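Since the structure comes first, as structure tokens, the remarks are kept for the end.
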Amino acid sequence: MKTNQCVFAVLLLGLCAGCGGDSVETIRAKAEKGDPQAQYNLSVMYGQGDRVPKDKVESLNWLRKAAEQNYAVAQCCLGNCYHSGFGVERNGKEAVRWWRKAADQSFTNAEYNLGKYYYDQGIVDPGAQVEAVAWFRKAAAHNDPDGQRGLGFCYSEGRGVAKDQSEAVKWYRKAAEQNHADAQCELGDCYRLSRGVPKDEGEAAKWYRKAADQGAVEAQFNLGQLAKNKEESYKWYLLASSSKGSFGELGKFFALQLESKMNALQIDEAKKWVREFNENKNTQAR
């Protein structure tokens with residue numbers, strides 16, 4: 001599971017919404033008068049180099065000012081800085097301290113990050129898994145798809161809570177219906193492997209396809225596994241092979257195995273399909 005980082009690149013969208021077209025001078029004046037949203041916006045601007053020189057020190061300076069005024073998004077981001085070592089020495093306790101301040105205001109990103117932090121701590125401290133479930137549940141209750149997926153994973157694996165595949169499916173589905181690619185892939189696995197639901201390869205393929213369209217390599221590979229003919233399998237394996245990682249390598253291996261059973265036209269058509277798929281994905285990402 002990934003950590004839901006409040007990275008500056010993502011939150012620049014929040015900046016644009018909060019600035020309302022304000023000039024740098026206006027934002028700075030508000031920030032210097034103690035407006036926490038303006039302080040946060042100015043932090044983002046320095047982090048991105050948006051209309052001001054990129055400056056990590058200034059970015060953190062304004063971020064801390066906003067966080068110290070109990071501005072939840074800034075507190076979450078400051079926690080992320082301590083967690084990742086962005087501009088400060090890595091410090092898990094400080095990360096948790098700032099995440100908790102944001103989570104106490106029901107800021108869902110912070111709730112999820114606490115869940116993920118304690119989940120990772122559970123590798124060496126099983127008691128931390130119970131804490132992870134509690135935070136995932138808080139995030140899930142606020143309809144956060146990362147929290148829902150995290151809670152589903154805990155139920156599926158029996159970490160911090162009694163194993164319950166039906167409950168795992170329930171939470172995976174909630175996240176998947178919000179277009180969470182990892183949850184869609186997990187839900188596809190549940191239908192393919194009959195975990196918490198009756199086996200249904202058609203339903204598995206439906207959820208894998210939703211994840212695959214978002215670039216989930218594991219889902220692309222799994223669609224190759226489920227395909228009813230070698231031409232369809234080859235397309236999905238070839239698509240997966242264009243990505244890095246273990247499933248990319250598996251896709252490459254299986255695609256090579258199938259190539260010997262296909263003619264040049266079939267191979268060319270599959271390569272064309274993969275190119276078009278990737279071009280469409282890149283266009284949608286812009």
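What follows is calculated from the coordinates using simple rules that are stated; it is not laboratory data. Bear in mind the structure is a predicted one, so any value in this text is a computation, not a measurement. Using ideal geometry, Cβ is built from the backbone for each residue, glycine included, and neighbour counts are taken over all protein chains shown.
Observations on the structure shown:
- When you work out D = kT/(6 pi eta Rh) for segment 99-150 at 37 °C and 0.692 mPa s, using the Kirkwood radius from C-alpha pairs as Rh and the Stokes-Einstein form, the result is 319 µm²/s.
- Pairs beyond 30 Å (Cα-Cα), from Lys138/Lys163; Lys33/Lys116; Lys54/Lys271; Lys65/Lys244: Lys33/Lys116; Lys54/Lys271; Lys65/Lys244
- Normalised by the number of residues in the chain, the mean separation of alpha-carbon contacts (under 8 Å, six or more apart) gives a relative contact order of 8 percent.
- Under 11 Å from the Lys281 label point (7 Å along Cα→beta-carbon), backbone N, segment 146-163: none
- When the P(r) is computed for the chain, the part past 33 Å accounts for 37% of the Cα-Cα pairs.
- Applying a DSSP loop filter and a limit of 15 other Cβ atoms within 10 Å to the trypsin sites (Lys or Arg not before Pro) in segment 153-220 leaves Lys163, Lys199.
- For the residue pairs Lys210/Lys272; Lys170/Lys281; Lys228/Lys252; Lys230/Lys252, the C-alpha atoms sit more than 23 angstrom apart in Lys170/Lys281.
- A Förster radius of 35 Å combined with the Cβ-Cβ distance from Ala227 to Asp164 puts the calculated FRET efficiency at roughly 0.65.
- The charge dipole of segment 229-286, taken about its Cα centre with unit charges on the Cβ of Lys, Arg, Asp and Glu (plus for the first two, minus for the last two), comes to roughly 180 debye.
- Helix-only CD estimate at 222 nm, as mean residue ellipticity for the chain, using -39500 (n - 2.57) per DSSP H run (n ≥ 4): -23000 deg cm²/dmol
- Note on Lys261/Glu89: beta-carbon distance plugged into 1/(1 + (r/R0)^6) with R0 of 45 Å gives a FRET efficiency of 0.20.
- Segment 19-84 - convex hull of alpha carbons, volume per residue in Å³: 75
- Segment 219-286 - Debye-derived log10 I(q)/I(0), Cα point model, q = 0.12, 0.22, 0.25 Å⁻¹: -0.28, -0.88, -1.08
- When each of Met262, Met45 is scored by the number of other beta-carbon atoms lying within 10 Å, the sequence from fewest to most is Met262, Met45.
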